[in-house]
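The values are calculated or read from the model by the stated rules, or taken from the named source; none is laboratory data. What you see is a predicted model, and the numbers here were worked out from it, not measured in a lab. Cβ placement follows ideal geometry from the backbone for every residue including glycine, while neighbour counts extend to all protein chains displayed.
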Amino acid sequence: MRIAVVHGPNLNLLGVREPDVYGTATLDDVNRALESLASELGVEVECFQSNCEGAILDFLADVRDRAGGVLINPAGLGHTSVALLDGLLAIARPFVEVHLSNPAARESFRRRSLLTPAAVGVVAGFGVDSYLSGLRCLHNHLCRLRAPGS
């Protein structure tokens with residue numbers, strides 16, 4: 001089983017960008033933690049980050065045939081991008097939305113995600129643990145989908 005991990009705009013700056021909001025872990029730290037947990041779960045993760053919406057859409061289309069699901073931190077695109085939502089719907093793979101911070105506790109424009117209604121679930125506000133919990137939950141969801149009689 002392979003799970004695609006998408007990190008949206010500005011997540012390449014983790015560790016230096018607003019550490020009081022996003023923590024001090026770098027994107028490499030997040031990816032290493034995901035790879036370690038994936039190994040424990042017996043799955044592969046394919047991590048991708050871009051500041052460009054089109055590159056993320058291209059990645060989603062490309063990964064469709066090799067990933068059973070998507071773990072995505074859409075960053076600011078979650079609030080604005082119908083194209084990102086359409087790209088996720090087009091590949092027809094379950095996805096879990098994750099956020100390091102809790103958008104509901106921040107500025108009003110961050111409280112609405114276009115992706116959330118289509119997501120299997122959302123994990124937010126726990127820093128790197130949001131990603132790890134999201135990966136566990138998506139893995140469990142995909143296992144239930146594969147189970148006979150489900």
(message) Exactly one of these conditions fails for LEU114: (1) under 19 Å from LEU142 (Cβ atoms); (2) of a type outside the set (Ser, Thr, Tyr); (3) surrounded by 15 or more Cβ atoms within 10 Å (Cβ to Cβ). Give me its number.
(response) (1)
(message) So, in the stretch 16-31, how many residues would count as being buried (at least 17 other Cβ atoms within 10 Å of the Cβ) and not in a helix (DSSP H, G or I)?
(response) 2
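Would you call LEU13 surrounded by 19 or more Cβ atoms within 10 Å (Cβ to Cβ) and of a type outside the set (Asp, Glu)?
Numbers: surrounded by 19 or more Cβ atoms within 10 Å (Cβ to Cβ): no; of a type outside the set (Asp, Glu): yes.
Answer is no for this residue.
Run down LEU135, LEU60, LEU85, LEU71 and say which single residue is modelled with pLDDT of 95 or more and over 20 Å from PRO9 (Cβ atoms). Working first, answer last.
Working: LEU60 fails: over 20 Å from PRO9 (Cβ atoms); LEU85 fails: over 20 Å from PRO9 (Cβ atoms); LEU71 fails: over 20 Å from PRO9 (Cβ atoms).
Exactly one residue qualifies, and that residue is LEU135.
Does the stretch 30-45 hold any residues that are closer than 17 Å to PRO9 by Cα and either among the acidic types (Asp, Glu) or in contact with a Leu (Cβ under 9 Å, 6 or more places away or on another chain) (or both), and which are they? Step through it out loud before you land on a result.
The first filter runs over the stretch 30-45 and keeps only residues closer than 17 Å to PRO9 by Cα, leaving 30-31.
Selection gives VAL30 alone.
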(message) Can you tell me which residue is farthest from GLY125 (Cα to Cα) among those in the stretch 1-27 that are at pLDDT below 90 and among the charged types (D, E, K, R)?
(response) ARG17
(request) Scan the stretch 7-40 residue by residue and report those that are within 19 Å of GLY78 (Cβ to Cβ) and of a type in the set (Val, Ile, Thr). (result) VAL21, VAL30
(request) Can you tell me which residue within the stretch 46-57, out of those that are of a type in the set (A, V, I, L, M, F, W, C) and over 12 Å from the mean Cα position of the chain (by Cα), is farthest from LEU11 (Cα to Cα)? (result) LEU57
(message) Testing GLN49 on (1) free of Cβ contacts under 8 Å to residues at least 40 places away in the same chain; (2) within 20 Å of VAL122 (Cα to Cα); (3) among the polar types (S, T, N, Q), one condition comes back false. Which one is that?
(response) (1)
(message) Tell me yes or no: at least one residue of the stretch 99-113 is among the hydrophobic types (A, V, I, L, M, F, W, C) and touching a residue at least 60 places away in the same chain (Cβ under 8 Å).
(response) yes
(request) Run down ALA75, ALA124, ALA90, ALA61 and say which single residue is loosely packed, with under 14 Cβ neighbours inside 10 Å, in contact with a helix residue (DSSP H, G or I) (Cβ under 7 Å, 6 or more places away or on another chain) and either closer than 21 Å to LEU37 by Cβ or touching a residue at least 24 places away in the same chain (Cβ under 8 Å) (or both). (result) ALA61
(request) Would you kindly identify the strands (runs of 3 or more DSSP E) lying entirely within the stretch 32-150 that contain at least 1 residues that are of a type in the set (Phe, Trp, Tyr)? (result) 44-49, 95-99
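Considering only the stretch 39-50, state which residues are touching a helix residue (DSSP H, G or I) at 6+ places or on another chain (Cβ under 7 Å) and farther than 12 Å from VAL6 by Cβ.
The first filter runs over the stretch 39-50 and keeps only residues touching a helix residue (DSSP H, G or I) at 6+ places or on another chain (Cβ under 7 Å), leaving 41, 43-50.
If the condition is that a residue be touching a helix residue (DSSP H, G or I) at 6+ places or on another chain (Cβ under 7 Å) and farther than 12 Å from VAL6 by Cβ, then LEU41, VAL43, GLU44 are the ones that fit.
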